[in-house]
Amino acid sequence: MNSFSIPTRATCSSPIFSLTSPAKAHFPPSSARCCTKSINSRLKMESTETKPSSYPSVMKLKPIEATPETFQEFGQVIETSADGEEFGPTDAQLDLSRGIPRFYIMHLEDRALKFSTITHHANVTQCLGSIGGNVWYLGVAKPSIVDPPDIKGTMGANIVQSHCGHFYVPPSVEEVQAFRISGPKFLKLNHGTWHAGPLFTEKTMDFYNLELSNTNVVDHTTYNFSEKNKVVFLLDKQ
């Protein structure tokens, strides 16, 4: 608690009196109660004002539409192509070489438009898309994996070793973005792209998910903004 200086002369509804007079001061009962109450109220008010908040701050994110151009720092947006069209740069550039591919339908419930944790996978280019093309959202931050030979060249950076074995620089609050995905398209996430979601306003949604058979067991690194930065993110889709 901060220390407070109490004035040497106090004024209430009763006559003025001195707190420092060498003579024995006489406090009328109503005056004493008035001054004591006033001082205690002021101390309580100032103490409350200076007490630090233990609740995380809320940062609002304005989602932008995911397109091949807007999403290129994080991965790819794969849209429809004509039947018979040959493989090219607009197709998903996948890396499933570090394990057994797993392609499955993921059922999710109650994924409101807010998050405080974010995750990345170092060993696979994950793909996500909604069944039916319904609108959904994804929070992201750019990949920040650091290769062991490059660690000496990044001295001063806050490098952390994941429980999965690789090294990374934690994502900063300022780097987090939110995307809106709608229609017949899916996202391919680059190695190490931080992501939070899928998020949606419906009660339930189903997504197809392409990753490795053990991604959620051995390749799941999570960063907690609420614990580390005292921040939670809220998507503002207005």
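The values are calculated or read from the model by the stated rules, or taken from the named source; none is laboratory data. For clarity, every value in this text was computed on a predicted model and none was experimentally measured. A quick note on method: Cβ atoms are made from the backbone with ideal geometry, for glycine too, and the neighbour counts reach across all protein chains shown. The accessibility values were calculated without ligands, DNA or RNA, using every heavy atom of the protein model including side chains. Shrake-Rupley method; radii C 1.70, N 1.55, O 1.52, S 1.80 Å.
What FRET efficiency, computed as 1/(1 + (r/R0)^6) with R0 = 30 Å and r the Cβ-Cβ distance, is obtained for Glu227 and Ala92, rounded to the nearest 0.05? Present the calculation step by step, with values, prior to reporting the outcome.
Details: r = 34 Å, r/R0 = 1.13.
E between Glu227 and Ala92, to the nearest 0.05, is 0.35.
Counting only heavy atoms of protein chains, what accessible area per residue, in Å², does segment 118-199 have with a probe of 1.4 Å?
Working: 3280 Å² over 82 residues.
Result: 40 Å² of accessible area for each residue.
For segment 61-172, what's the relative contact order in percent, using C-alpha pairs closer than 8 Å and at least 6 residues apart? List each step's numbers first, then the result.
Details: 64 pairs, mean separation 23.0, N = 112.
Computed over segment 61-172, the figure is 21 percent.
Lys and Arg at +1, Asp and Glu at -1: add these up for the other residues within a Cβ distance under 10 Å of Pro68 and post the number.
Net of charged neighbours comes to -1.
Points 7 angstrom from Cα along the Cβ direction at Phe103 and Val135: gap in nanometres?
3.0
Taking K and R as +1 and D and E as -1, what net charge do the other residues with C-beta under 15 Å from the C-beta of Leu113 add up to? Don't skip to the answer; put the middle values down first.
Working: positive: Lys60, Lys62, Arg111, Lys114, Arg180, Lys203, Lys237; negative: Glu109, Asp110, Glu202, Asp236.
Counting the neighbours of Leu113, the net charge comes to +3.
Using a cut-off of 15 Å between beta-carbons, work out the net charge of the residues near Ser144 (Lys and Arg +1, Asp and Glu -1, Ser144 not included). Write out the running numbers ahead of the final one.
Numbers: positive: Lys142, Lys228; negative: Glu73, Asp147, Asp150, Glu174, Glu175.
For residues surrounding Ser144, the net value is -3.
Students often check this: by mean Cβ neighbours within 10 Å, which of 204-211, 108-115 ranks highest, and how do the rest follow? It would help to have the intermediate numbers written out before the result.
Working: 204-211: 17.1, 108-115: 15.0.
Packing order, densest peptide first, comes out as 204-211, 108-115.
Count the lysine pairs in segment 81-217 whose Cα atoms lie under 25 Å apart, taking only pairs 8 or more positions apart in sequence or on different chains.
9
Is the shape of segment 132-218 best called rounded, prolate or oblate, per the rule: a/c under 1.5 gives rounded, else a/b larger than b/c gives prolate, else oblate, with a ≥ b ≥ c the square roots of the Cα gyration tensor eigenvalues?
Working: a/c = 2.88, a/b = 1.93, b/c = 1.49.
Because a/c hits 1.5 or more and a/b exceeds b/c, segment 132-218 counts as prolate.
Asp83 to Asn214: FRET efficiency via 1/(1 + (r/R0)^6), r the Cβ-Cβ distance, R0 41 Å, to the nearest 0.05?
Values: r = 34 Å, r/R0 = 0.83.
So the FRET efficiency works out to roughly 0.75.
Between Ser162 and Asp147, with labels modelled 7 Å along Cα→Cβ, what's the label distance in nm to one decimal, could you check?
Spacing of the two 7 Å Cα→Cβ label points: 1.6 nm.
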